[in-house]
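See structure below.
The values are calculated or read from the model by the stated rules, or taken from the named source; none is laboratory data. A quick note: this is a predicted structure, and the numbers were derived from the prediction, not measured. A quick note on method: Cβ atoms are made from the backbone with ideal geometry, for glycine too, and the neighbour counts reach across all protein chains shown. Remember, those area values only see protein heavy atoms, side chains included, never the ligands or the DNA or RNA. Shrake-Rupley method; radii C 1.70, N 1.55, O 1.52, S 1.80 Å.
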Amino acid sequence: MSSRVLVGVKRVIDYAVKIRVKPDRTGVVTDGVKHSMNPFCEIAVEEAVRLKERKLVKEVIAVSCGPQQVQETIRTALAMGADRGIHVDVSGKDYENLGPLQVSKILAALAKKEDASLVVLGKQAIDDDNNQTGQMTAAMLDWAQGTFASEVVIEGDKIKVVREIDGGLETIQIKMPAVVTADLRLNTPRYATLPNIMKAKKKKIDYMKPSDLGVDLISRIEVVSVDEPPQREAGVKVESVEDLVSKLRDSGRI
Ligand code: AMP
């Protein structure tokens, strides 16, 4: 079996940016807003690169689906240690409709084309909070899946995955080929150093369209509206415990 790893890296609005909803409520403002690699994708890249450094895999390929700008996200992955990149161009209206179903079709097609034995993704993207792409990709490929991974150990053609579940950890063993999704505690991603950023400029990024992979981008979802979270009401100061209790009672909270 080949030991090629495909890592999905998504370009999202930076986690520190205060999100603003467009006045027509069709989405959020993205123009002129700082974007970065989805934090869980950084963890996925780091894990794949560590597997390569331990000589457990031969090649790490970073894939991003989106418009021209996602090449920056791929470059970041290359500077972290991925060997080469693939940019699957999805722009305009298709990009607005791009979701887990379309991305997983693309990733599944690439996993087969590249003869990968492992796909590592983030557990979720912080913009749409879908948490579906890994699961759907495994389903499309009919591969095993280890989601919410906080530890990944390759043992021959098997992988031990420690999963973060409600109230504890679950350890499973899955057979390769497989899809793994990275949770927060899997590792601490490295920063790309300047020499590595320079080196990454020379690494290859292949360019293709979904149709080159035989993938259609038909969406089954229509966003009806996007709204700001409700504003928090101002608090009130109370003079005494009695005052607090009576206010709580009056408002029906006790
Ligand atoms: P989601 O299911 O949308 O929450 O995303 C989970 C993971 O799927 C992300 O952390 C990425 O690894 C991968 N993914 C989602 N969208 C894309 C994309 N446009 N390009 C590459 N990978 C993606």
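Fully extended, how many nm does the chain gain between Glu233 and Glu170 (0.36 nm per residue separation, minus their Cα-Cα distance)?
Values: separation 63, 0.36 × 63 = 22.68 nm, distance 4.00 nm.
The span from Glu233 to Glu170 would gain 18.7 nm if fully extended.
Using unit Cβ charges (K, R positive; D, E negative) and no other charged atoms, how large, in debye to the nearest 20, is the dipole of the chain about its Cα centre? If you can, show how the numbers build up before the last one.
On the way: 38 positive and 37 negative charges, 210 e Å.
It comes to approximately 1000 debye.
Which of the helices in the chain meet the span-like rule: DSSP H, Cα axial reach of 18 Å or more, Kyte-Doolittle mean at least -0.5? Let's see the in-between values first.
On the way: long enough: 39-53 (21 Å, 0.11); 100-113 (19 Å, 0.56).
Helices passing the filter in the chain: 39-53, 100-113.
If a paramagnetic tag sat 7 Å from the Cα of Ser211 along the Cα-Cβ line, which residues of region 93-125 would have the backbone N under 16 Å from that point?
93-95
Given the options Gly235, Thr193, Ala182, identify the residue whose Cα lies farthest towards the positive end of the charge dipole of the chain (+1 on Cβ of Lys, Arg; -1 on Cβ of Asp, Glu).
Thr193
Note down the net charge around Lys22, summing +1 for each Lys or Arg and -1 for each Asp or Glu among other residues with Cβ under 13 Å from its Cβ.
On the way: positive: Arg20, Arg25; negative: Asp24, Asp31, Glu96, Asp227, Glu228.
Charge balance near Lys22 sits at -3.
Ranked by accessible surface with a 1.4 Å probe, highest first, in what order do Tyr15, Tyr191, Tyr95, Tyr207 come? Spell out each step's value before the answer.
Details: Tyr15 175, Tyr191 200, Tyr95 80, Tyr207 110 Å².
My answer, sorted largest first, is Tyr191, Tyr15, Tyr207, Tyr95.
Which whole-number percent gives the relative contact order of the chain, counting Cα pairs below 8 Å spaced six or more residues apart?
Numbers: 491 pairs, mean separation 60.0, N = 254.
Relative contact order here is 24 percent.
Using a cut-off of 27 Å between alpha-carbon atoms, which lysines can reach Lys237, once sequence neighbours fewer than 8 places away in the same chain are excluded?
Lys247
Under 1.5 on a/c is rounded, so check that first for region 105-154, then, if it is not, pick prolate when a/b is larger than b/c and oblate when it is not; a ≥ b ≥ c are the square roots of the alpha carbon gyration tensor eigenvalues. Intermediate results must be reported in sequence, preceding the final value.
On the way: a/c = 1.98, a/b = 1.21, b/c = 1.63.
Oblate.
Which entries in Lys112/Lys158; Lys10/Lys55; Lys58/Lys199; Lys58/Lys204; Lys55/Lys209 show an alpha-carbon gap greater than 24 Å?
Numbers: Lys112/Lys158 19 Å; Lys10/Lys55 26 Å; Lys58/Lys199 19 Å; Lys58/Lys204 16 Å; Lys55/Lys209 32 Å.
Correct reply: Lys10/Lys55; Lys55/Lys209.
Taking every DSSP beta bridge with both residues inside the chain, roughly what % is antiparallel (nearest 5)? Please list the in-between numbers first.
On the way: 18 of 45 bridges.
Taking every DSSP beta bridge with both residues in the chain, the antiparallel ones total about 40 percent.
Which shape class, rounded, prolate or oblate, goes with region 135-177 when its Cα gyration tensor gives a ≥ b ≥ c as root eigenvalues, a/c under 1.5 marks rounded, and past that a/b bigger than b/c marks prolate? Spell out each step's value before the answer.
Values: a/c = 2.96, a/b = 1.26, b/c = 2.36.
Oblate, since a/c reaches 1.5 and b/c is not below a/b.
In whole Å, how far is the Cα centre of region 199-254 from that of region 97-117?
26 Å
Sequence-distant or interchain residues sharing an amide H contact under 5 Å with Val63, placed H: which?
Answer set, sorted by chain and number: Val7, Gly8, Val9, Ile86.
Could you list the GluC sites (Glu not before Pro) in region 170-254 that lie in coil according to DSSP, counting only those with at most 10 other Cβ atoms within 10 Å of their Cβ? Intermediate values should be presented prior to the final figure.
On the way: sites: Glu170, Glu222, Glu233, Glu239, Glu242; in loops: Glu222, Glu233, Glu239.
In loop regions of region 170-254 (DSSP not H, G, I, E or B), the sparsely surrounded GluC sites (Glu not before Pro) are Glu222, Glu233, Glu239.
Which loop trypsin sites (Lys or Arg not before Pro) in region 51-87, with loop taken from DSSP, have no more than 13 other Cβ atoms within 10 angstrom of their Cβ?
Values: sites: Lys52, Arg54, Lys55, Lys58, Arg75, Arg84; in loops: Arg54, Lys55, Lys58.
When the trypsin sites (Lys or Arg not before Pro) of region 51-87 are filtered for loop state and at most 13 Cβ neighbours within 10 Å, Arg54, Lys55, Lys58 remain.
Accessible area, 1.4 Å probe, largest first: how do Arg20, Arg232 sort?
Ranking Arg20, Arg232 by accessible area, largest first, yields Arg232, Arg20.
Quick one: the Cα spread of region 4-76 along its three principal axes, in angstroms, biggest first?
Principal extents (Cα only, largest first): 51, 22, 16 Å.
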